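The values are calculated or read from the model by the stated rules, or taken from the named source; none is laboratory data. Everything numeric here is computed off the predicted structure, so don't read it as measured data. Cβ coordinates were reconstructed from backbone atoms using ideal geometry, including for glycine residues, and neighbour counts include every protein chain displayed. Side chains included, ligands, DNA and RNA excluded: accessible areas come from the protein's heavy atoms. Shrake-Rupley method; radii C 1.70, N 1.55, O 1.52, S 1.80 Å.
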Amino acid sequence: QVQLVESGGGSVQPGGSLRLSCAASRFVLDYYSIGWFRQAPGKEREEVSCISNSDGEKYYANSVKGRFTISRDKAKNTVYLQMNSLNPEDTAVYYCATQVDRRLGFCDQMGMDYWGKGTLVTVSS
């Protein structure tokens with residue numbers, strides 16, 4: 001019923017930029033909160049950025065504030081994550097996830113109901 005497909009990952013040098021895309025099935029962006037999470041090698045998965053469907057509020061992890069921007073295009077059923085000033089610490093698999101029933105915060109990974117398979121971002125010289 002709900003499908004999420006990430007794309008746009010790749011390898012970049014420190015200071016570079018990438019734009020990730022999350023293509024969602026119909027109605028997801030109309031009704032559900034959605035966001036991005038990442039898991040670096042040897043580390044736990046963490047929240048990156050989310051957007052609430054109720055009021056459009058955006059959340060950014062402290063580590064990416066001022067560098068990353070989340071946006072959505074409902075006509076294209078797509079959510080984007082623009083990543084600028086990338087550093088090696090941003091290297092991770094990035095996942096798109098959406099929340100059907102909001103019981104927790106809109107960017108709490110424990111409350112996300114559907115996940116994409118992820119796209120790898122590598123930042124190195």
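A Cβ distance below 6 Å, combined with a sequence gap of six or more or placement on separate chains, defines the contacts here; from segment 5-23, residues that are under 15 Å from T69 (Cα atoms) reach residues that are at pLDDT 95 or above and among the basic types (K, R) in the pairs G8/R19. Restricting segment 25-58 to residues that are among the acidic types (D, E) and open to solvent by 80 Å² or more (accessible area, probe 1.4 Å) leaves a set whose member that is farthest from V123 (Cα to Cα) is D55. When segment 70-94 is examined, which residues are found to be aromatic (F, W, Y) and open to solvent by 10 Å² or more (accessible area, probe 1.4 Å)? Result: Y80, single match.
Has segment 2-24 got any residue that is of a type in the set (D, E, K, R) and more than 23 Å from L120 (Cβ to Cβ)? Scanning segment 2-24 turns up no residue that is of a type in the set (D, E, K, R) and more than 23 Å from L120 (Cβ to Cβ).
Scanning segment 12-24 for residues that are closer than 19 Å to A75 by Cβ and buried (at least 17 other Cβ atoms within 10 Å of the Cβ) gives L20, S21, C22, A24.
For G9, the criteria (1) open to solvent by 50 Å² or more (accessible area, probe 1.4 Å); (2) modelled with pLDDT of 95 or more; (3) more than 15 Å from A97 (Cβ to Cβ) hold in every case but one, which is (1).
Evaluated against (1) outside any strand (DSSP E or B); (2) at pLDDT 95 or above; (3) over 12 Å from the mean Cα position of the chain (by Cα), T122 falls short on exactly one condition, (1). Checking each residue in segment 95-118 for being surrounded by 21 or more Cβ atoms within 10 Å (Cβ to Cβ), aromatic (F, W, Y) and closer than 17 Å to Q39 by Cα picks out only Y95.
Residues in segment 14-47 that are closer than 19 Å to G111 by Cα and in contact with a Leu (Cβ under 7 Å, 6 or more places away or on another chain): C22, A24, W36. Restricted to segment 1-117, the set of strands (runs of 3 or more DSSP E) holding at least 3 residues that are of a type outside the set (F, W, Y) comprises 4-7, 10-12, 18-24, 33-39, 46-51, 68-73, 78-83, 92-99.
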